[in-house]
Every structure is written in structure tokens, then in C-alpha cells.
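Visitor: This is the structure I have questions about; it appears just below.
The values are calculated or read from the model by the stated rules, or taken from the named source; none is laboratory data. Source: prediction; values computed, not measured. Cβ sites come from the backbone with ideal geometry, for glycine too, and all protein chains shown count toward neighbours. Side chains are part of the model used for accessible areas, which takes the heavy atoms of the whole protein and leaves out ligands, DNA and RNA. Shrake-Rupley method; radii C 1.70, N 1.55, O 1.52, S 1.80 Å.
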Amino acid sequence: MLTKEDLAKYPSIELAREYVKQFNIDVATLADELPGVVNRAYQILKDIITRGIYTYVSSDVETEILAFPVVRLFIDVIGDEWLRRRFAVAFSKRVGRFLQGESNDKILEIAKTPGNVSESGWDLIYEVKRIGIKYYEWKLHFKDYLSVAVHFHDIAWKMCNHPVANGYVRLTKRELARLMAEAFKERVLERKIPKRFIELPEKMMSIIRKIEELVREYKKEVIREVPIRVEVSGGIYPPCVQFILERTEKGENLSHVERLFLMFFMLNIGKGEEEIVNLFRKMPDFSEERTRYYVRHARNKGYTAHNCDTLKTYGICRPAHRWCSEGKIKNPLIFYNRMLYARGKRRSESEE
Amino acid sequence: MPVERGVVKVKNEAKTILLLKSLFGAYYRENDIPPPPQFSKREFGFMLWDKEGMIRHKTFYNRTEFLAFLRKNAPKNAYRSAAYYLDPEAQSMEGKGWVGADLIFDIDADHLITSCKEVHDRWICIDCGIRGTGKKPAQCPSCKSTRIDEVSWICDQCLNSAKEEVFKLLDFLFDDFGVSEKEVKVVYSGHRGYHVHVDNETVRELSSDGRREIINYITGTGIKVENLGLIEVSADGRKFLIGPDLTSEGWGKRLVKSIIRMFSSSDLEDTLRSISIPERKIKILLANRERLVDALSSTPSKWDFLHGIGISIWEKIALAAIKRMAAQVDEPVSVDVHRLIRLEYSLHGSTGFKVTPISVTDLERFDPFKDAIVFKGEKEVIFREYCPEFRIGDELFGPYQQGEKVELPLPAVVFTLAKDVAELP
């Protein structure tokens with residue numbers, strides 16, 4: 001049985017939604033009637049924007065529950081994709097942390113109830129089995145496993161690297177928490193954004209303007225995109241680019257963002273239209289006309305490859321190299337540039 | 001002279017097409033072809049004898065309409081979608097309204113390495129006319145042209161190899177994916193392989209990415225043996241190996257089974273050599289093969305009782321064992337959720353064989369050269385090309401030389417005409 005505290009920890013679940021409904025909240029009067037909730041929503045977003053963290057105040061769980069839909073309303077009105085993803089990632093991380101410490105009964109209730117992690121709920125069973133040195137506690141139906149695990153690019157998440165029998169994939173508690181957290185993120189991102197909003201009162205609009213300003217500032221100061229032009233060279237790509245190139249070579253379907261990132265990166269390092277178009281030829285839905293249009297458009301606009309921070313929110317970052325994991329690289333182009341420099345240095349040393 | 005020969009060729013081709021179309025038409029008239037499940041939600045596609053390209057985006061709202069189309073057009077090839085749509089007739093994929101799709105696997109003998117291909121497959125250079133046997137080369141050895149035609153053939157060996165792969169695939173579907181026998185349909189494609197259809201609620205809404213992951217599972221793509229539990233651990237200052245056993249699940253169990261099979265098989269020595277195991281280690285492994293089978297068959301299994309056989313050797317053996325256990329399925333067919341596949345009970349335009357559904361229990365006994373044959377009677381043909389040996393029913397035919405005139409049973413006539421190695425006199 002879930003408690004009010006649980007609803008505060010997982011405010012996107014169906015039960016939390018029903019709980020909020022009882023309050024018959026009217027956005028026109030919300031800022032006057034529940035100023036604490038609106039302020040908390042502002043604080044949540046501020047922390048998400050500036051620190052990438054969805055904070056939790058355990059002393060006032062009701063405000064926590066009620067603030068969640070207000071946060072989402074603000075995000076929808078602002079309509080900034082970066083903010084939407086940053087929110088989803090921060091929320092998912094928080095959910096993952098909570099779930100790891102949750103009892104089995106609560107995990108089952110959250111996962112199986114329709115609308116929480118998927119439309120129909122997950123087919124999940126608690127069953128302990130030790131295989132080798134690993135201790136598995138959960139069995140998840142492969143259709144539910146795949147609905148989320150395909151978003152992870154780590155090889156350990158490939159289904160063939162898990163015990164699978166009779167349609168179920170065995171998972172440790174930690175793995176299940178990670179999967180459920182990702183499902184929470186996907187559910188949050190899946191939500192259809194209303195095309196029109198009712199007119200919000202000035203009090204609410206002024207908070208929205210403050211949040212927009214925070215987003216602008218953060219983007220200007222931290223996600224600064226510096227155009228870097230370097231010579232064309234092979235074999236020295238950052239791991240994220242290398243990984244996408246390998247998948248491209250295999251003809252795997254890249255997501256839209258992965259395609260754009262690869263295109264911008266290649267343009268930035270000086271590759272020509274023909275070479276870039278050829279990279280995409282193995283895509284299952286390749287259209288030469290559309291690809292050429294995108295490449296020309298990106299070139300004319302002078303777009304720069306995404307920063308590492310942004311790539312992280314899209315799940316594209318793969319910090320397989322020491323430089324990346326040490327946080328020394330802010331943009332994959334810097335990696336490429338440094339690699340070029342290091343190679344040049346090594347070559348000149350060996351010539352001496 | 002070339003003009004006259006050209007005219008004769010065109011006339012003969014027209015005669016051949018006329019005969020094949022009339023035979024296909026008779027088959028469709030004489031048989032009540034059952035439409036696929038939920039046919040009104042499917043897209044159909046057809047290739048006709050006298051038109052280039054494919055007619056797509058067709059649908060049928062009732063059985064009569066479906067049969068009438070087949071009987072009127074006697075298509076050379078007939079297809080239907082694995083997918084269900086709200087509006088299958090819409091011209092664009094977006095407009096069709098995708099609802100879901102059966103999970104389809106394609107096993108094609110063409111993609112399997114079999115020794116028979118070197119004997120029966122042939123190629124001809126379009127530019128210089130030079131011919132050869134086996135897989136076509138990337139460029140002509142004589143004139144270096146890359147314009148090379150290929151005549152691939154089918155025989156018992158290659159179709160049996162394809163069947164072997166079907167059995168491997170079914171094992172994955174039943175044991176690992178929990179699919180029941182009644183949810184699976186095996187279909188002989190009418191030519192080089194088999195299709196396996198899985199039709200249940202669970203798989204219907206799987207995304208392309210999810211389907212690709214299933215293919216990767218079945219083909220063992222991306223397996224890291226340490227994730228299957230085969231690792232080296234340290235305790236009390238010594239290193240030892242632990243690994244999966246027969247009570248493990250998924251690929252862990254398959255790995256143990258496959259290694260046991262490998263060490264019980266007569267070609268063990270060749271296998272170990274082919275994966276570059278040093279000779280000294282091969283000797284140790286061969287001398288202890290029986291003990292090793294026992295050690296891996298026990299629960300828990302014992303992986304490190306052989307001195308000198310460490311994790312790196314086991315990893316090599318494991319990768320070879322995984323390769324043996326994996327089923328070779330064609331990825332694009334399963335991943336493409338809009339794909340058209342051959343219509344069950346239709347005739348294949350390149351052989352005249354029936355696209356034949358087979359129950360899992362009948363699969364072992366199924367003989368494509370007998371059970372997919374539909375025509376009766378006899379007719380004379382002239383061979384335009386060399387024709388390798390082939391079997392129809394219990395009778396072997398050929399090989400036939402170019403220019404040879406032979407009276408053959410109708411299924412053999414249709415096969416050689418459809419394979420384009422013969423023509424009517």
C-alpha cells in the first residue's frame with residue numbers, strides 16, 4: 001500500500017494524479033490560494049536548471065505532490081526542449097535513487113499498476129535466483145524489458161547478456177530500479193504538450209519569465225557552443241561519435257538527435273556534403289533528398305555540434321575515454337582537436 | 001541474324017510467360033486459398049507476369065474479393081504485410097495508421113555457407129560472356145567488369161541447412177521467449193528458405209529497436225562472456241574460474257550446452273585449431289575432453305580443473321560455441337515493421353512451388369521438393385542454359401546441357417521455366 005510520502009517521491013504515478021485531482025486546483029487562482037506550491041515548483045525548476053537535480057523536501061509531502069503538476073505546466077508553457085529533457089533526466093535519477101531503497105511490495109505495486117511505468121503496467125515477478133556470482137531478485141517480461149532497455153547503449157543492457165527464460169528477463173534490484181527510472185523518464189517525455197494554454201494570471205507569468213531567464217543564463221554561460229574547425233582526419237573521433245559511426249555502419253536506425261549530432265560534428269570537422277550523405281546511406285529510412293536538404297541547411301546555418309552536457313541529456317554521451325570520464329571535455333570537437341594535436345606532437349617527436 | 005534470333009527469343013519468352021500464367025491461374029481457380037489472419041487490416045502486394053514493378057497498397061474486405069483477384073490476375077508473386085493498419089490502402093506509410101505487426105523471421109539458404117553452392121550456383125559476365133560456378137565474383141576475372149548475373153540454385157543440402165536454422169530459432173522462441181507452439185507458424189517460402197511468423201499480443205506492438213534486440217539475442221550479437229558468468233575471480237591469493245552451468249538461463253545455459261556438444265563432437269580438434277588455440281593447449285583439451293564434458297555437465301559446473309587452460313582460452317572456446325548455437329536469421333526482414341512477406345499458399349514466381357505453411361510437428365518431415373509441388377502432367381522444354389541437377393518428388397532430373405530438348409513432368413517444367421534456364425520449344 002502506497003503512502004502519501006510515496007506519492008511525493010513518485011509524483012508522476014496514477015495514484016498521485018488522482019490525489020491532486022481531489023484538490024480541484026484552478027490555475028487562475030493557484031498562485032493566491034497555494035503560494036507555497038507555486039514557490040516550491042519554482043525552486044524545483046531552479047535546482048533542475050542550475051544543478052541538474054530534482055530536489056526533495058520530505059517535511060512537506062503534500063506540497064511536493066502538488067508542485068509536480070505545476071512544474072510540468074511551467075515546462076509546457078515555456079516549451080524549451082532542453083529544459084524538458086533536463087527535467088526528465090533529473091526526475092528519473094531521483095526516482096531511481098528512491099526505488100533502490102524501496103520494499104519489494106512497493107516496487108511491485110508501482111511497476112504493475114497501469115499508467116505508472118507503461119500504459120498497461122509491467123509484467124513483473126519477484127523471484128530470487130542466484131546465477132554464478134550474481135543474485136537476481138526480479139523477473140520482467142521481455143516486452144517490458146525491451147520497451148526501455150533499447151534506450152540504453154551499454155552492451156551490458158543487451159538482452160543476450162541477461163538470463164532469459166520462458167519470456168522473462170532476470171534482473172538484480174539495482175538493474176530493475178534503473179529500468180523503472182528510465183521508464184518514468186520516457187513517460188514524462190511522452191506526454192503530449194497542449195498546443196494552447198488558458199491565459200495564466202500575471203503572478204504565474206512572472207514566475208515563468210524568471211524561469212525562462214534562468215534557462216537563458218544557463219545556456220549562455222554553461223552550454224556555450226564554440227565553433228571549432230579542424231582538419232579532416234580519421235580514427236581520432238571521440239567515443240560518442242565513434243559509437244554512432246559504428247551503428248551507422250551496421251545500418252542501425254539512429255534517433256533524430258543522433259543524426260543531427262553526427263551531421264553537425266562532421267560538418268564542423270570539415271567533411272563535405274557527399275561524404276556526410278554517404279554516412280547515412282545505410283539508414284533503414286534513408287532519403288537522399290531529405291539528407292542533402294538537412295546537410296545543406298545545417299551548413300548554411302553554421303550549426304555547431306552539441307556540447308557534452310546536452311549529449312548527456314539525450315543519452316548520447318559515452319565517456320569511454322579517460323579525457324571524457326575525467327570531465328576535461330566539454331564538447332566532442334575539443335576531444336577531436338586535442339587528439340589531432342597529440343597525434344601531431346607524437347609524430348614530430350618520432351621524426352626527431 | 002541477331003535480329004531473327006532476338007525475335008525468336010521474344011516469342012519463346014512470351015510463350016513461356018503465357019504457359020506459366022495459365023498454370024498459375026489454374027492453380028488459383030482450383031484451390032480455395034485461405035487469406036491470412038485479419039486480412040482486411042493487411043496491405044497486399046503483387047507482381048504480375050506482364051507488368052514491371054509491384055502493385056502495392058491493396059487490401060481486401062472479404063474472402064470473395066481476395067480469391068477473385070488471385071484468380072483473375074494469377075500473380076507471378078504475391079505478398080502481404082506482417083503489419084496491421086487502420087487504412088492499409090493509404091499510399092503513404094504515415095497514412096496507413098500502423099497498429100502492430102507480427103514478428104517475422106526470415107531464414108534464407110542464400111545467406112548460409114554451404115558447400116553445395118560451389119557446385120550448383122553459377123554466374124555469367126554480362127560484358128564478356130565468361131561463365132563460372134559458385135558465388136559470383138566481385139568482378140569478372142577476364143574483363144574486370146562488375147556487371148555479373150547470378151543463377152543461384154536450390155538443393156536438399158541448402159534447404160536442409162535452412163531447416164536446421166529454423167529449429168535453432170524455434171528453440172530460442174519456445175525456451176527463452178516463452179512463445180507457445182500454437183503462436184508460431186513456419187512457412188516454406190517457395191524458394192530458398194523459411195519464414196517463421198510469431199503472432200501473439202506480446203510481440204505485436206514491439207518497436208523496430210525491440211525487434212532488432214530480439215534478432216541480436218537470437219544471433220548472439222553483443223554477448224560478453226563475462227555477462228554470462230564466465231569470469232576469473234581471486235580468492236585467498238589464487239585465481240580461479242567460475243562460469244554458468246546447465247541450471248543457468250538464456251545464453252549462459254546455451255553456452256554450456258554448446259561447449260559440451262563441441263567437446264563431444266568428432267571435429268573438436270579442427271574446431272580448436274580454427275579458433276587459433278595453441279597446439280600445446282589443444283593437446284591438453286583433447287586429452288581431457290571426457291572429464292571436461294563431465295565437469296561442465298555437473299551443477300555447479302567446474303571450469304578451472306584443467307591446469308594451463310585459463311580465461312583467455314575459455315573465452316575463445318566460448319565465442320566459437322556461441323557462434324554454433326546462434327540461429328542465422330536475416331535482420332532487415334524482422335526489423336522492418338512495414339515489410340511485405342510472401343502470401344501463404346501463393347505460388348513463387350521463380351520456382352512454381354507453393355508458399356507452404358508447416359506445423360512445427362511436421363517440420364522435420366517436410367520436403368519442399370515434394371510437399372510444395374502443385375502441378376501435374378508433362379511437357380517438353382529446351383534448355384537455354386546449363387541446368388544443374390534437381391529433385392521433384394522422388395525423382396532426380398538433370399543435369400541438362402544447353403540446347404537439350406526433354407519431356408519433363410509439369411512441376412519440373414514450371415521450375416526450369418521459372419528459374420529461366422529453359423524455354424518452350
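Visitor: Can you list the aspartates and glutamates whose alpha carbon is less than 13 Å from that of B:K370, not counting same-chain residues fewer than 8 positions off?
Guide: B:D156, B:D394, B:E395
Visitor: Points 7 angstrom from Cα along the Cβ direction at B:S276 and A:R196: gap in nanometres?
Guide: Result for the modelled spin labels: 6.8 nm.
Visitor: Name the longest site-free stretch of chain A, where the excluded sites are trypsin sites (Lys or Arg not before Pro) in a DSSP loop with no more than 15 other beta-carbon atoms within 10 Å. Don't jump to the answer; show the numbers that get you there.
Guide: Details: sites that count: A:R191, A:K192, A:K195, A:R196, A:R224, A:R229, A:K250, A:R281, A:K282, A:K328.
The reported range is A:1-190.
Visitor: How large is the helix-only mean residue ellipticity at 222 nm for chain B, computed as the sum of -39500 (n - 2.57) over DSSP H runs with n ≥ 4, divided by its residue count, in deg cm²/dmol to the nearest 500?
Guide: Working: 15 runs with 153 residues, N = 425.
Calculated at 222 nm, the ellipticity per residue is -10500 deg cm²/dmol.
Visitor: Probe of 1.4 angstrom, ligands and nucleic acids ignored: what's the accessible area per residue over region B:239-321, in square angstrom?
Guide: Spelled out: the 1.4 Å probe surface of region B:239-321, per residue, equals 48 Å².
Visitor: While we're on this one: Looking only at other chains, what is the average number of their beta-carbon atoms within 10 angstrom of each beta-carbon in B:326-335?
Guide: On the way: counts 1, 0, 0, 0, 0, 3, 2, 0, 0, 4.
Mean number of neighbouring Cβ atoms from other chains: 1.
Visitor: Hey, another quick one. Would you mind telling me the share, in percent, of accessible area of region B:123-230 contributed by carbon and sulfur at probe 1.4 angstrom? Before the final figure, lay out the partial values.
Guide: Numbers: 1910 of 4320 Å².
On region B:123-230, the fraction of accessible area on carbon and sulfur atoms equals 44 percent.
Visitor: Averaged over A:141-151, how many beta carbons belonging to a partner chain fall within 10 Å of each residue's beta carbon?
Guide: Numbers: counts 3, 10, 10, 1, 2, 10, 5, 1, 3, 8, 1.
Mean shielding by partner chains, rounded to a whole number: 5.
Visitor: How large, in Å, is the protein assembly as shown by the Kirkwood hydrodynamic radius built from its alpha-carbon pairs? Each step should come with its number before you reach the end.
Guide: Details: mean 1/r = 0.0325 Å⁻¹.
With all distinct Cα pairs of the protein assembly as shown included, I get 30.8 Å.
Visitor: I'd like to know how chain A sits against the 2.2 N^0.38 Å rule of thumb: what's its Cα Rg over that expected value? Spell out each step's value before the answer.
Guide: Details: Rg = 23.0 Å, N = 352, 2.2 N^0.38 = 20.4 Å.
That works out to 1.12 for chain A.
Visitor: Express the accessible area of region B:351-425 per residue in Å², computed with a 1.4 Å probe while the remaining protein chains stay in the model. Please report the intermediate quantities before stating the final value.
Guide: Details: 3280 Å² over 75 residues.
So region B:351-425 comes to 44 Å² accessible per residue, rounded to a whole number.
Visitor: Select from region B:95-165 those trypsin sites (Lys or Arg not before Pro) which occupy a DSSP coil region and have at most 15 other Cβ atoms within 10 Å, ordered by residue number. Could the numbers behind the result be given before it?
Guide: Values: sites: B:K96, B:K117, B:R122, B:R131, B:K135, B:K144, B:R147, B:K163; in loops: B:K135, B:K144, B:R147.
Sites meeting the loop and neighbour criteria: B:K135, B:K144, B:R147.
Visitor: How much accessible area does A:E274 have with a 1.4 Å probe, in Å² rounded to the nearest 10?
Guide: Probe radius 1.4 Å; accessible area of A:E274 about 100 Å².
Visitor: Report, in degrees rounded to the nearest 10, the 0 to 90 angle that the Cα long axis of helix A:239-249 makes with the longest principal axis of chain A.
Guide: 80 degrees
Visitor: Can you check what the net charge comes to around B:Q157, using other residues whose Cβ is under 14 Å from the Cβ of B:Q157 (Lys, Arg +1; Asp, Glu -1)?
Guide: -4
Visitor: Now for a separate question. Heavy atoms only, probe 1.4 Å: what % of the accessible area of chain A goes to carbon and sulfur, would you let me know? Intermediate values should be presented prior to the final figure.
Guide: Working: 8690 of 17640 Å².
Looking at chain A in its full context, I get 49 percent from C and S.
Visitor: Here's another thing I want to ask about it. Relative contact order, percent, of chain B when contacts are C-alpha pairs under 8 Å separated by at least 6 residues?
Guide: Working: 726 pairs, mean separation 73.0, N = 425.
About 17 percent, as a whole number.
Visitor: Something else now. Student exercise: in region A:1-129, how many lysine pairs 8 or more apart or on different chains have Cα atoms under 24 Å apart?
Guide: Here the count comes out as 16.
Visitor: Given a Förster radius of 45 Å and the C-beta distance between B:F167 and B:I17 as r, what FRET efficiency does 1/(1 + (r/R0)^6) yield to the nearest 0.05? Mind showing how you got there, number by number?
Guide: Working: r = 38 Å, r/R0 = 0.84.
Calculated transfer efficiency: 0.75.
Visitor: In straight Cα distance, which aspartates and glutamates are under 14 Å from B:K257, not counting same-chain residues fewer than 8 positions off?
Guide: Within reach: B:D171, B:D175, B:D245, B:E249, B:D294.
Visitor: Let me ask you something else. Averaged across the residues of A:161-173, what count of C-beta atoms belonging to other chains lies within 10 Å of each residue's C-beta? Present the calculation step by step, with values, prior to reporting the outcome.
Guide: Working: counts 11, 7, 11, 11, 9, 7, 7, 5, 4, 3, 0, 0, 0.
Taking all residues of A:161-173 together, the mean is 6.
Visitor: Which residues among region B:92-130 fall inside the zone where the amide N is under 19 Å from a point 7 Å beyond the Cα of B:K144, along Cα→Cβ?
Guide: Those under the cut-off are B:125-130.
Visitor: What are the aspartates and glutamates whose alpha-carbon lies under 13 Å from the alpha-carbon of A:K203, with same-chain residues fewer than 8 places away excluded?
Guide: Leaving aside aspartates and glutamates fewer than 8 places away in the same chain, those within reach of A:K203 are A:D32, A:E33.
Visitor: Next question, about the same structure. Output needed for chain B: three equivalent-ellipsoid semi-axes, defined as square roots of 5 times the C-alpha gyration tensor eigenvalues, in descending order, whole Å.
Guide: On the way: eigenvalues 417, 168, 69 Å².
Result for chain B: semi-axes of 46, 29, 19 Å.
Visitor: Dividing the convex hull volume of the Cα atoms of region B:141-222 by its residue count, what figure in Å³ per residue is obtained? The partial results should precede the final answer.
Guide: Working: hull volume 14.2 nm³, N = 82.
It is 173 Å³ per residue.
Visitor: Could you tell me how many degrees, from 0 to 90 and to the nearest 10, lie between the Cα long axis of helix A:288-301 and the main elongation axis, the longest principal axis, of the Cα atoms of chain A?
Guide: 90 degrees
Visitor: Can you tell me what the convex hull of the Cα atoms of region B:282-425 projects to on average, as an area in nm²?
Guide: Values: hull surface 60.9 nm².
About 15.2 nm², averaged over all directions.
Visitor: Continuing with the same structure: If R0 is 41 Å, what FRET efficiency do you get for B:S234 and A:I125 from their C-beta distance, rounded to 0.05? Before the final figure, lay out the partial values.
Guide: Values: r = 34 Å, r/R0 = 0.84.
The formula returns an efficiency of 0.75 here.
Visitor: Does anyone have the angle between helix A:81-100 and the longest principal axis of chain A? Alpha-carbon axes, 0 to 90°, nearest 10?
Guide: Its long axis makes an angle of about 60 degrees.
Visitor: Let me ask something else. Holding the Cα-Cα limit at 26 Å, pick out from B:K117/B:K281; B:K253/B:K316; B:K96/B:K354; B:K51/B:K354; A:K185/B:K323 the pairs that are longer than that. Walk me through the intermediate numbers first.
Guide: Numbers: B:K117/B:K281 35 Å; B:K253/B:K316 17 Å; B:K96/B:K354 29 Å; B:K51/B:K354 22 Å; A:K185/B:K323 36 Å.
Checking Cα-Cα distances, B:K117/B:K281; B:K96/B:K354; A:K185/B:K323 exceed 26 Å.
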